[in-house]
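The values are calculated or read from the model by the stated rules, or taken from the named source; none is laboratory data. Model, not experiment: these values are computed from the prediction. Neighbour counts run over all protein chains shown; Cβ positions are idealised from the backbone, glycine included.
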Amino acid sequence: MSDLEKLSAKHLIERGICAWERADYEAALEFFQAVLSRHPGFADVHNKAGLCLAMLGDPEGALEEFDEALRISDTYAEAHLNRAIILQGLGHFEEARRHLVRADELDRIDSEEFPSDVGHKIAITHAKLGDLYLVADHPEEAAEEYRKALAVRARFLDIRSKYAEALMGMGRWKEAQGQLETILEGNPDFTSARLRLGVALHRQGDANGARREWERCVREDPRDMRAKAYLAALGEGGGPPAL
């Protein structure tokens, strides 16, 4: 097992952010890609990986990451903005303009009090603080920061996913279920949320509901070994393995 494989996703993200802040984009990209190998549904990490690739002089690779972030969450304003910047650099001005317009529209949807990029930054700042609390194993404080972020930008599905994770860390399974179901209403292809929904259902004694969610994951992606492991454990009468 490599050193990166020994680290949790939370610690990988933390180290990736630290590497980014010291302008070590190659190291940051390695950390973010390690996270995505386990959790491909993290839109914010795809966005971060795209930024690293852009700084490393790979605009096409950056566009692929921004595209994946938008596939997961089409309402991710920052990914629209970052994609527009790259497209402008490549001379695709009309397509860039469409993404800029979309980013501006999205910034004004959620909060009349914070209708622009200021609101976006407020939400991200609360989410980053929540990430730090989660890494420090303080799910209560993490949940509060994610809740504050969602009060400003309710459509940020990746933040809602982290909020659900914090709720699960406190054993608040029913509340976590509600958050995960909201995510899947917005994006039925958010596989990580569906996997965790299965866990939340299982912890509440709904084995059939858990099976239903994990079987759907396997139908949609037969290569998803996490869902298969969950189903195998369920068949053996045990609990699902930890993600």
Candidate set: the stretch 77-93, residues that are out of contact with any Ser or Thr (no Cβ under 9 Å at 6 or more places or on another chain) and of a type in the set (A, V, I, L, M, F, W, C); chosen: the one surrounded by the most Cβ atoms within 10 Å (Cβ to Cβ): Ala77
Residues within the stretch 49-94 that are modelled with pLDDT under 95, within 15 Å of Asp158 (Cβ to Cβ) and charged (D, E, K, R), tallied: 4
Any hit, the stretch 220-239, residues being under 19 Å from Ile72 (Cα atoms), without any contact (Cβ under 8 Å) to a residue 24 or more places away in the chain and crowded, with 24+ Cβ neighbours inside 10 Å: no
Whichever residue in the stretch 13-42 is in contact with a Leu (Cβ under 7 Å, 6 or more places away or on another chain) and outside any loop (DSSP other than H, G, I, E, B) and, among such residues, is surrounded by the fewest Cβ atoms within 10 Å (Cβ to Cβ): Glu26
Near pairs, Cβ below 6 angstrom, 6+ apart or cross-chain, from the stretch 6-32 (over 20 Å from Asp158 (Cβ atoms)) to any residue that is assigned to a loop (DSSP other than H, G, I, E, B): Tyr25/Leu56
Within the stretch 192-216, considering residues that are within 17 Å of the chain's Cα centre (by Cα) and in contact (Cβ under 8 Å) with a residue 24 or more places away in the chain, the one nearest to Pro40 (Cα to Cα): Ser192
Residue, surrounded by the most Cβ atoms within 10 Å (Cβ to Cβ), within the stretch 128-158, restricted to residues that are under 16 Å from Thr75 (Cβ atoms) and at pLDDT 90 or above: Ala149
Yes/no for Asp189 being in a helix (DSSP H, G or I), touching a residue at least 60 places away in the same chain (Cβ under 8 Å) and out of contact with any Pro (no Cβ under 7 Å at 6 or more places or on another chain): no
Residue within the stretch 166-174 that is more than 26 Å from Gly130 (Cβ to Cβ) and either among the aliphatic types (A, V, I, L, M) or out of contact with any Asp or Glu (no Cβ under 8 Å at 6 or more places or on another chain) (or both) present: no
Test set (1) within 19 Å of Thr125 (Cβ to Cβ); (2) at pLDDT 90 or above - Lys174 fails condition number: (1)
Residues located in the stretch 43-76, provided they are surrounded by fewer than 19 Cβ atoms within 10 Å (Cβ to Cβ), without any contact (Cβ under 8 Å) to a residue 40 or more places away in the chain and not in a loop (DSSP other than H, G, I, E, B): Met55, Pro59, Glu60, Gly61, Glu64, Asp67
Residue among Ala54, Ala84 that alone is more than 23 Å from Glu105 (Cα to Cα), over 15 Å from the mean Cα position of the chain (by Cα) and not assigned by TED's automatic domain parsing to the domain that holds Glu220: Ala54
